[in-house]
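Here is the structure we will look at.
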Amino acid sequence: MNGFLNEFRTTFQEILNSTNIVITSHKSPDGDSLGSSLSLYHFIKKFNPNVAICHPDEAPHYFDWITDISKIKLFETNKDEVIKIIQEADLIFCLDFNDFKRLGDDFGDLVQKSDAKKVMIDHHQNPSINSFISISDTTIASTSELIFELIFQTDNLLAMDAPIAEMLYMGIMTDTGSFRFPSVSSRTHEIISILLKVKINHSKIHEKIYDSNSLDKIRLKSYAIVEKLEVLPKYLTGIISLTKEELERFNYKKGDTEGLVNSILSIENIFVAAIFIEHKDGIKISFRSKGRFFVNELANKHFNGGGHKYAAGGFSSEKLEQAVNRFKKLIAKNEK
Ligand code: 5GP
Ligand code: MN
């Protein structure tokens, strides 16, 4: 990783000296946005009691086991309180996102316009956030790893307790596909080794995240693969699209299509996977790649999104079929 020693030190000084600190992260929270937010929250609490987490929207239910998840204030359901907290903040952490749009339009505007000093800690390409401190490293597998480095490089390892370590472990585990993606480094494993010394129950975290699926979720996934998977052998691509009605048939809850795109990618001779999910406000798209093809460029250029080379997402206001057909044409042209 590129050295950020000065940035980490300045950030720690700001933690000590600020009056009201707020931690934000992107819409549709995942393990890394929650893990980095909650670990940083617990860490800051040891030095400064005036810290809050404000996220755009609710986490999927498979994160309900996290005791402190209820401490996160949601802009979507608690707008007035969140507006007040942001207005009173003098230090705002922007975790795991590279563009204020990732907070959603209204919440993004609110945070962007705030006079508070901003500290961005992120690992996505092309950051466009104007911040007081920018700790952005695309070679790092997860934002949670960068939160670990903040604690480590400011000589605060003694402050590391189980609630911090558990959340860091969760963030690193989920953003590395359980320590298997190319972005995993020997440092990732060193960090995990240090976290395990804090005596966290790592297998409980795996079980809670990966082996606690609802029956509806598994049935939706099975239906999607049996009935809806379209393979384009010529283009080494697999696509699933699901309509609102199909989601309703399986009592869809937020997070129920999580992992589906990776199941497509797990098929031999499929190198690009895409899912198109019809929600009431438009089509949410996820892209994955095993290499050869960088899906973040496709997501960014053609689907109002972005992400990492091998895992990206986007959004479309088209009809479901239109969005899928457009994707097929782009793939046929081998266009990024
Ligand atoms: P997922 O497919 O799991 O929703 O997202 C995979 C990755 O793509 C995320 O880690 C995030 O970096 C990125 N991503 C997903 N949706 C969007 C989006 O709407 N805009 C941008 N810029 N990135 C996204
Ligand atoms: Mn991340």
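If you go through the stretch 111-129 one residue at a time, do you hit one that is surrounded by fewer than 17 Cβ atoms within 10 Å (Cβ to Cβ), away from ligand 1 (no atom under 14 Å from the Cβ), without any contact (Cβ under 8 Å) to a residue 40 or more places away in the chain and part of a helix (DSSP H, G or I)?
Checking the stretch 111-129: at least one residue is surrounded by fewer than 17 Cβ atoms within 10 Å (Cβ to Cβ), away from ligand 1 (no atom under 14 Å from the Cβ), without any contact (Cβ under 8 Å) to a residue 40 or more places away in the chain and part of a helix (DSSP H, G or I).
Kindly evaluate residue 172 against the criterion of being more than 13 Å from ligand 2 (Cβ to nearest atom) and either aromatic (Phe, Trp, Tyr) or crowded, with 24+ Cβ neighbours inside 10 Å (or both).
Details: more than 13 Å from ligand 2 (Cβ to nearest atom): no; either aromatic (Phe, Trp, Tyr) or crowded, with 24+ Cβ neighbours inside 10 Å (or both): yes.
So residue 172 does not fit the description; no.
Taking only pairs six or more apart or across chains, which ones have beta-carbon atoms under 8 Å, a first residue in the stretch 258-282 that is among the aromatic types (Phe, Trp, Tyr), and a second residue that is more than 13 Å from ligand 1 (Cβ to nearest atom) and in a strand (DSSP E or B)?
These pairs meet every condition: 271/237; 276/239; 276/241; 276/242.
A quick yes/no check of all residues on (1) within 13 Å of ligand 1 (Cβ to nearest atom); (2) touching a Pro at 6+ places or on another chain (Cβ under 6 Å); (3) of a type in the set (D, E, K, R):
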position	(1), (2), (3)
225	no, no, no
228	no, no, yes
235	no, no, no
238	no, no, no
255	yes, yes, no
275	yes, no, no
288	yes, no, yes
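Out of 103, 95, 40, 34, I need the residue that is away from ligand 1 (no atom under 16 Å from the Cβ) and either without any contact (Cβ under 8 Å) to a residue 60 or more places away in the chain or assigned by TED's automatic domain parsing to the domain that holds residue 162 (or both). Which one?
Values: 103 fails: away from ligand 1 (no atom under 16 Å from the Cβ); 95 fails: away from ligand 1 (no atom under 16 Å from the Cβ); 34 fails: away from ligand 1 (no atom under 16 Å from the Cβ).
Matching residue, one of 103, 95, 40, 34: 40.
Is at least one residue of the stretch 316-334 within 16 Å of ligand 2 (Cβ to nearest atom) and either of a type in the set (Lys, Arg) or in a strand (DSSP E or B) (or both)?
Pass one, the stretch 316-334, residues within 16 Å of ligand 2 (Cβ to nearest atom): none.
The answer is no; no qualifying residue exists.
What pairs come out if I take residues in the stretch 150-164 that are touching a residue at least 40 places away in the same chain (Cβ under 8 Å) and pair them with residues that are among the aromatic types (Phe, Trp, Tyr) whose C-beta lies under 7 Å away, six or more apart or interchain?
150/8; 151/43; 153/8; 154/8; 154/12; 159/43; 164/43
So, in the stretch 175-190, how many residues would count as being crowded, with 21+ Cβ neighbours inside 10 Å and in a helix (DSSP H, G or I)? Break it down into steps so the answer makes sense when it comes.
Going through the stretch 175-190, the residues crowded, with 21+ Cβ neighbours inside 10 Å turn out to be 175-176.
Add one more test, that the residue is in a helix (DSSP H, G or I), and what stays is 175.
Result for the stretch 175-190: 1.
Counting residues that are under 24 Å from the mean Cα position of the chain (by Cα), which strands (runs of 3 or more DSSP E) fully inside the stretch 213-291 reach at least 3?
Because the criterion is at least 3 residues that are under 24 Å from the mean Cα position of the chain (by Cα), the strands (runs of 3 or more DSSP E) in the stretch 213-291 that meet it are 237-242, 272-279, 282-289.
For the stretch 252-273, what are the residues that are over 20 Å from residue 209 (Cα atoms) and in contact with a helix residue (DSSP H, G or I) (Cβ under 9 Å, 6 or more places away or on another chain)?
Within the stretch 252-273, 269, 270, 271, 272, 273 qualify.
Could you please give the count of residues in the stretch 298-314 that are surrounded by fewer than 17 Cβ atoms within 10 Å (Cβ to Cβ) and within 18 Å of the chain's Cα centre (by Cα)? If you could, list the steps in order and put the result at the bottom.
Going through the stretch 298-314, the residues surrounded by fewer than 17 Cβ atoms within 10 Å (Cβ to Cβ) turn out to be 301, 304, 309.
Among the residues that remain, those that are also within 18 Å of the chain's Cα centre (by Cα) are: 304, 309.
So the count comes out to 2.
Across the stretch 74-106, what is the number of residues that are more than 17 Å from the chain's Cα centre (by Cα) and not in a loop (DSSP other than H, G, I, E, B)?
14
In the stretch 238-290, what residues are within 16 Å of ligand 2 (Cβ to nearest atom) and of a type in the set (Phe, Trp, Tyr)?
Scanning the stretch 238-290 gives a single hit, 287.
The values are calculated or read from the model by the stated rules, or taken from the named source; none is laboratory data. Only a predicted model underlies this, so the values are computations on that prediction, with no experimental measurement involved. Glycine gets a Cβ as well: all are built from the backbone with ideal geometry, and neighbour counts include every protein chain shown.
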